[in-house]
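The values are calculated or read from the model by the stated rules, or taken from the named source; none is laboratory data. On a predicted model such as this, the values are computed, not experimentally measured, just so you know. Cβ placement follows ideal geometry from the backbone for every residue including glycine, while neighbour counts extend to all protein chains displayed. Each accessible area value is taken on the protein alone, full model and side chains, heavy atoms only, with ligands, DNA and RNA left out. Shrake-Rupley method; radii C 1.70, N 1.55, O 1.52, S 1.80 Å.
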Amino acid sequence: MCGRFTQSYTWAEVERFLSVVGPARNLRPRYNIAPTTPIDVLRLGKAGRELVPMRWGLVPSWWKKPLGELPSTFNARAETVAEKPMFRSAFKSRRCIIPASGFYEWTGKPGAKTPHYFSARDGRPLAFAGLWECWRDPETKEPLESATVIVGSANEWMRAFHDRMPVILAWCDAGAWMAGENPAELLQPPPEDALQEWIVSPRVNRSGVGDDDPALIEPSRAA
DNA sequence: CCAGACGTTGTT
DNA sequence: GTCTGG
DNA sequence: CCAGACGTTGTT
DNA sequence: GTCTGG
């Protein structure tokens, strides 16, 4: 998966959706997110469940080099997330849910790329399986919280556009995910009729475009 | 990942 | 082509 | 037991 | 933080 998450979700929608794991608090709408910019992360902390904005791109707590030398960690592969040094610690003890109204995938060749918007057919927000970490800058000692989205195989329907897709907890068990259970069974693709899709403007991936513009997911040219 | 920008010369 | 911003 | 290592994702 | 090597 690549691109950004888009469109707003209402408090009511998220709360209803997240009721799988219990009541949610402090939820804020967010439309559209790019790597290295914050995403909303629902985690289980000492104070209970909280929605926290974090850097998109997980930084393992043991990372000692400058942030700029960190490889791309905005996605983690479901197949290897348990073993990769970059993710395994968070996979064990810092799972989270990343609410989003939808996500983008691109089709076409360079110079003729077409962005598609994907969201739940029932209109409810999606909840991606994620991981988070807290890292402390060796120089400034500043703490930085970060997160990543787990991606797995696409289902047949999705394969028409892309062979990967985020792990969506709506069709797994969000509660079990947060409890650290049955990862293999949890990280399955959703039913074939779970999502809907339409073409949007390439504007979605343009630098300088605000993340909170609902117009980003307006249908574009016909397919 | 993708979209968009990317400007040089002389000058003590 | 390569780098930056999101 | 301790010391030291440990890089990911996407590629039309 | 977690795993491996010694």
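When residue A:79 is tested against the conditions (1) within 16 Å of DNA strand E (Cβ to nearest atom); (2) charged (D, E, K, R); (3) open to solvent by 40 Å² or more (accessible area, probe 1.4 Å); (4) modelled with pLDDT of 80 or more, the lone failure is (1). Among the residues making up segment A:159-170, those that are open to solvent by 30 Å² or more (accessible area, probe 1.4 Å) and without any contact (Cβ under 8 Å) to a residue 60 or more places away in the chain are A:159, A:160, A:161, A:163. Can you tell me which residue is modelled with the lowest pLDDT among those in segment A:37-65 that are under 16 Å from residue A:142 (Cβ atoms) and open to solvent by 80 Å² or more (accessible area, probe 1.4 Å)? Ranking the qualifying residues of segment A:37-65, first place goes to A:65. Does any residue of segment A:139-157 turn out to be open to solvent by 50 Å² or more (accessible area, probe 1.4 Å), of a type in the set (Ser, Thr, Tyr), within 24 Å of residue A:57 (Cα to Cα) and within 16 Å of DNA strand D (Cβ to nearest atom)? For segment A:139-157, residues open to solvent by 50 Å² or more (accessible area, probe 1.4 Å), of a type in the set (Ser, Thr, Tyr), within 24 Å of residue A:57 (Cα to Cα) and within 16 Å of DNA strand D (Cβ to nearest atom): present. Return only the number of the condition from (1) more than 16 Å from DNA strand D (Cβ to nearest atom); (2) modelled with pLDDT of 75 or more that residue A:85 does not satisfy. It fails just one condition, (1). For segment A:171-183, the candidate set comprises residues that are touching a residue at least 60 places away in the same chain (Cβ under 8 Å) and within 16 Å of residue A:43 (Cα to Cα); within that set, the residue that is most open to solvent (accessible area, probe 1.4 Å) is A:173. Going through (1) among the polar types (S, T, N, Q); (2) in contact with a Ser or Thr (Cβ under 9 Å, 6 or more places away or on another chain); (3) part of a loop (DSSP other than H, G, I, E, B) one by one, residue A:140 falls short only on (2).
Within segment A:102-118, the set of residues being open to solvent by 10 Å² or more (accessible area, probe 1.4 Å) and touching a residue at least 60 places away in the same chain (Cβ under 8 Å) comprises A:106, A:113, A:114, A:116. Does segment A:45-65 contain at least one residue that is within 15 Å of DNA strand D (Cβ to nearest atom) and in contact with a helix residue (DSSP H, G or I) (Cβ under 6 Å, 6 or more places away or on another chain)? No.
Which of the residues belonging to segment A:185-217 are part of a helix (DSSP H, G or I), at pLDDT below 75 and open to solvent by 40 Å² or more (accessible area, probe 1.4 Å)? Within segment A:185-217, A:185, A:214 qualify.
Against the conditions (1) within 16 Å of DNA strand D (Cβ to nearest atom); (2) in a helix (DSSP H, G or I), residue A:161 satisfies every one except (2).
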